[in-house]
Amino acid sequence: MSHTKTHRCPKCFGRAFSVTAHVAQNWAVDEYGNYIEVIADATDIIHRPNDEDLWSCLNCGHEASGEIFTKTVVPDYHFSICQLNPNGTNYRDLAFSNLKNLERRGLEVCKDNYIHIFSGERSRNDSALDALEKLYTRFNTDIPDGFKGHSLSVSDIVVFQSELLDKTPLTAYFCDSFGWVELPNWGKS
Ligand SMILES: [Zn+2]
């Protein structure tokens, strides 16, 4: 059995499963050979779970042959770009301000001041930082049709989430003067 093949639940993309293995046990027996108790468990593995066995997702309970679980295509993660609402009350104070500048004036990054501008998919193979840098370049030099915001700049927010993985928390990043700052409380209010 290959240990590099990955299994993912096609329903919930879970990574943990219940499978049946066949193992040897040492028993204590009586004089007739009748079972009394287990002395040692799993002394030998007779059959490791393989892709012909039934696999059951520990997260959602979905059952199928292991083969099915190896064919799951996990969707790309989603990104959303949020920008300050130009009609919001504090827009003039907040627009294009970096975090230091906001802090100095006693202002905070508040979700209520933002509106959703654009969503799309990003490769799940990129680290968050790589994905942010790619988005920054794309939304400054190669802006997609239908994008109604301004080019990605200081005070904008990028949110990452896999919408299909309800257990994956979203992560939000503030575009600061020099790089990105994660906003741990975004989406919790
Ligand atoms: Zn599942």
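Please treat every number below as a calculation from the coordinates, not as lab data. Every value quoted in this text rests on a predicted model; they were computed, and no experiment measured them. Quick reminder, even Gly has a Cβ in these numbers, built from the backbone with ideal geometry, and neighbours come from all protein chains shown.
For the range 121-145, a tally of residues being in contact (Cβ under 8 Å) with a residue 24 or more places away in the chain and surrounded by 14 or more Cβ atoms within 10 Å (Cβ to Cβ) returns 7.
Taking the condition out of contact with any Phe, Trp or Tyr (no Cβ under 7 Å at 6 or more places or on another chain) and within 16 Å of the ligand (Cβ to nearest atom), does ILE68 pass? Considered against the rule, which asks whether it is out of contact with any Phe, Trp or Tyr (no Cβ under 7 Å at 6 or more places or on another chain) and within 16 Å of the ligand (Cβ to nearest atom), ILE68 comes out as yes. Scan the range 71-115 for residues that are within 16 Å of the ligand (Cβ to nearest atom) and more than 23 Å from the chain's Cα centre (by Cα) and the total you get is 0.
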